[in-house]
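Trainee: Before we start, here is the structure in question, set down as structure tokens.
The values are calculated or read from the model by the stated rules, or taken from the named source; none is laboratory data. Predicted model, so just to flag it, every value in this text is computed and none were measured. Reconstructed Cβ throughout: ideal geometry from the backbone, glycine too, with neighbour counts over all protein chains shown.
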Amino acid sequence: MAAAQSDRIGTVPHPSRSELVRFSRYLLAPLALIGIDDHLHECSRCRLLLAELPAPPSYALGRPFPGVEVIPPSALEGLVRDWLSRFQNALASGAAIRIAGEGLTEKLLYQALAIVSSRMRRDGVQLEVRGNVFHGTSLPPRMNADAAILLEAPIFAPNFGEWSECRPGRLNLLVGHICDWNRIGVRPDLHLAPTFDAELALVPVVERLRDLAGRNRDGSELALLNAAGLDLPDAMCSGSDAQSPLVPLVDDRGLPLPWRALEWGQWLAREALGPFHANELLDIIQRLSPVTAVPMMAARLHSSGALCR
């Protein structure tokens, strides 16, 4: 009887380690997520097990990133304040600001934008984020908000439509990888270059990505597609398990979407895997037939310049 009691709290069984891993990565069905969340409120044993697991990905603007800090919080706060002041001034006169980052600064860039967005909303600014799922090449419509962020903006060049307009009381923030801005011949207004702290923090992440590519052929192919600029529909990831580096994207309420991406960030994957696999991309596209079933996926690969830098 005592052994049976140790396997549950009341009538609720303790989740397994695999279930806790999947819980931490949003890989369970919504009801299962809620059930384990309720269990963790009551069970100190499972909270301890969860705390001992590898850090789950963090999210910013719906995108997953490694669960490691890339700069000290004080430095992040300084960047946020600088951008918040800059964007508030630009909003009054109207502006379209092009922002660039790199693999080692992707998380920092998205974190800063997420915090700036939250503070602008708190001050009464209507702000929207478009393009947080990377799968098409059709320019998302610019909704009637005071400020708007367009992710992976260079993919939609050369015609940015309303996103390039500068009207008083409207602010457009166009975000993209520095290589993609360079590829279309556009000089960004803001370029977030790597810091020593970011390089030091993310070296193990890059090594793990490259190890994944060397060990796991299937995982490598999915990772390569994501690194090339594609998020993957759940149907393509049905065989992945709790050890998979692919995690769901989330919406603005934090709920999982039916699309997955590498938990380490798409730009970081691009820089880590690109030098090893650029020549294999076309062969992988041809063999992974589900790619052709996803609207505009092949066009997205072509537009992104694949992994070419």
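Trainee: Does Leu40 qualify as being in the same structural domain as Ala145 (by TED's automatic domain parsing), over 17 Å from Ala261 (Cα atoms) and not β-branched (Val, Ile, Thr)?
Mentor: no
Trainee: Within region 171-184, count every residue that is surrounded by fewer than 23 Cβ atoms within 10 Å (Cβ to Cβ) and either β-branched (Val, Ile, Thr) or free of Cβ contacts under 8 Å to residues at least 40 places away in the same chain (or both).
Mentor: Summing the residues that are surrounded by fewer than 23 Cβ atoms within 10 Å (Cβ to Cβ) and either β-branched (Val, Ile, Thr) or free of Cβ contacts under 8 Å to residues at least 40 places away in the same chain (or both) in region 171-184 gives 3.
Trainee: Looking at Arg215 and the list (1) basic (Lys, Arg); (2) in contact with a helix residue (DSSP H, G or I) (Cβ under 8 Å, 6 or more places away or on another chain); (3) at pLDDT below 80, which single condition is not satisfied?
Mentor: Status for Arg215: all satisfied but (2).
Trainee: Please state which of the following conditions Arg187 fails to meet, knowing it meets all the rest: (1) over 23 Å from Leu79 (Cα atoms); (2) surrounded by fewer than 15 Cβ atoms within 10 Å (Cβ to Cβ); (3) outside the structural domain of Leu273 (by TED's automatic domain parsing).
Mentor: (1)
Trainee: Same structure, new question: Looking only at strands (runs of 3 or more DSSP E) that fall completely inside region 43-144, which ones have 2 or more residues that are assigned by TED's automatic domain parsing to the domain that holds Asn159 and of a type outside the set (D, E, K, R)? If you could, list the steps in order and put the result at the bottom.
Mentor: Working: elements: 58-60, 63-65, 95-101, 127-130.
Per the criteria, 95-101, 127-130.
Trainee: Among the residues that make up region 190-202, is at least one of them modelled with pLDDT under 70, touching a Leu at 6+ places or on another chain (Cβ under 8 Å), within 18 Å of Glu102 (Cα to Cα) and of a type outside the set (Lys, Arg)?
Mentor: Within region 190-202 (the criterion being modelled with pLDDT under 70, touching a Leu at 6+ places or on another chain (Cβ under 8 Å), within 18 Å of Glu102 (Cα to Cα) and of a type outside the set (Lys, Arg)), the answer is yes, since at least one residue qualifies.
Trainee: What is the one condition in (1) at positive phi; (2) at pLDDT 85 or above; (3) not polar (S, T, N, Q) that Gly10 does not satisfy?
Mentor: (2)
Trainee: Would you tally the residues in region 157-170 being surrounded by 14 or more Cβ atoms within 10 Å (Cβ to Cβ) and without any contact (Cβ under 8 Å) to a residue 24 or more places away in the chain?
Mentor: Looking only at that region, the number is 1.
Trainee: Within region 145-167, can you find the residues that are over 20 Å from Asn182 (Cα atoms), assigned to a loop (DSSP other than H, G, I, E, B) and touching a strand residue (DSSP E or B) at 6+ places or on another chain (Cβ under 8 Å)?
Mentor: Matches in region 145-167: Ala145, Asp146, Glu165, Cys166.
Trainee: Any idea which residue in region 136-156 is farthest from Leu104 (Cα to Cα), counting only those that are surrounded by 18 or more Cβ atoms within 10 Å (Cβ to Cβ) and of a type in the set (D, E, K, R)?
Mentor: Residue satisfying both the conditions and the ranking: Arg142.
Trainee: Name the single residue that is surrounded by the fewest Cβ atoms within 10 Å (Cβ to Cβ) among those in region 115-135 being aliphatic (A, V, I, L, M) and in contact with a Gly (Cβ under 9 Å, 6 or more places away or on another chain).
Mentor: Kept after step one, since they are aliphatic (A, V, I, L, M), are these residues of region 115-135: 115-116, 120, 125, 127, 129, 133.
When the remaining residues are screened for being in contact with a Gly (Cβ under 9 Å, 6 or more places away or on another chain), the result is 129, 133.
Details: Val129: 21, Val133: 19.
Checking each candidate, the answer is Val133.
Trainee: I need the full set of residues from region 54-111 which are crowded, with 17+ Cβ neighbours inside 10 Å, farther than 21 Å from Gly131 by Cβ and over 21 Å from the mean Cα position of the chain (by Cα), in order please.
Mentor: Of everything in region 54-111, just one residue is crowded, with 17+ Cβ neighbours inside 10 Å, farther than 21 Å from Gly131 by Cβ and over 21 Å from the mean Cα position of the chain (by Cα), namely Leu84.
Trainee: Assess whether Ala145 counts as being of a type outside the set (Phe, Trp, Tyr), closer than 19 Å to Arg63 by Cβ and at pLDDT 70 or above.
Mentor: Here the answer is no, as Ala145 does not meet what is asked.
Trainee: More than 27 Å from Thr195 (Cβ to Cβ) and under 16 Å from the mean Cα position of the chain (by Cα): which single residue out of Arg130, Arg170 fits that description?
Mentor: It is Arg130.
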